[in-house]
Amino acid sequence: MKYRPITIAKIESGIVIDHIPAGKALLISQVLGLNALARKTGNIIAIGIHFDSKSLEKKDIIKVENLSLTRNMLNVVALIAPMATISRIEEGSVTEKHKVEVPDNVGDVVICPDRFCITNHEQVPCKFFVVDKSPLTLKCHYCETEFFGPLIRYKEKS
Ligand SMILES: [Zn+2]
């Protein structure tokens, strides 16, 4: 099949999260709470799923108007899409572009898989150490459970 260039709504200012593994854009959007953010601010969000990519086989892409990402939001992107690139767009052109970096610590965005963990019984914000970046392996700050792969489940906002 021939390479099809991306055509997705252009934004005048905001950020573009590119090189997301195919199928992960909606998860990122949900963990970041982009839907609620769009509703609140009136800014548009464009999500492209399963685009052709030169570096990955298939990729997703997210464009968010008038948004800059906080450190916590960048960390979420890095956990789910460690190869992602973030571009800042101002007046229609890219002013900054960088790759995300997997953090050493993860905040209250992941659920501890140990059902006896205090974080699953009390209102305690989750906290994890990144013990391995590839494959991503987390260790709970409270119960010290180490886990990776499908056991890493994210807290999704609506
Ligand atoms: Zn735990």
Task: Violating pairs (Cα-Cα greater than 18 angstrom) within the set K63/K127; K99/K133; K54/K99; K24/K58; K2/K59 - done: K63/K127
Open item on the list: Using only the alpha-carbon atoms, how far is helix 71-80 inclined from the longest principal axis of the chain? Give it as 0 to 90 degrees, nearest 10.
Closed with: 90
Task: Expected 222 nm ellipticity per residue - DSSP helices of 4 or more, -39500 (n - 2.57), all of the chain, to 500 - done: -4500 deg cm²/dmol
TODO: Pick out, in residue order, every one of the trypsin sites (Lys or Arg not before Pro) in the range 1-89 that is DSSP loop and has at most 14 other C-beta atoms within 10 Å; say none if there are none.
DONE: K2, K10, K54
Open item on the list: Could you work out the pair-distance distribution P(r) of the range 67-156 from its alpha-carbon pairs, with 5 angstrom bin width and percents rounded to whole numbers?
Closed with: 3, 13, 23, 21, 15, 10, 7, 5, 2, 1, 0
TODO: Please return the longest stretch of the chain lacking exposed loop sites, where chymotrypsin sites (Phe, Trp or Tyr not before Pro) count only if DSSP places them in a loop and at most 11 other Cβ atoms lie within 10 Å.
DONE: 4-115
TODO: Using only C-alpha positions, report the orientation-averaged shadow area of the convex hull of the range 14-99, nm², one decimal.
DONE: 5.3
- [ ] Let me have the relative contact order for the chain, percent, based on Cα pairs under 8 Å that are six or more residues apart.
- [x] 23
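Bear in mind that the values in this text are calculations on the coordinates, not laboratory data. This one's a predicted model, so the numbers in the text were calculated from it and none came from an experiment. We place every Cβ from the backbone using ideal geometry, glycine too, and count neighbours over all the protein chains shown.
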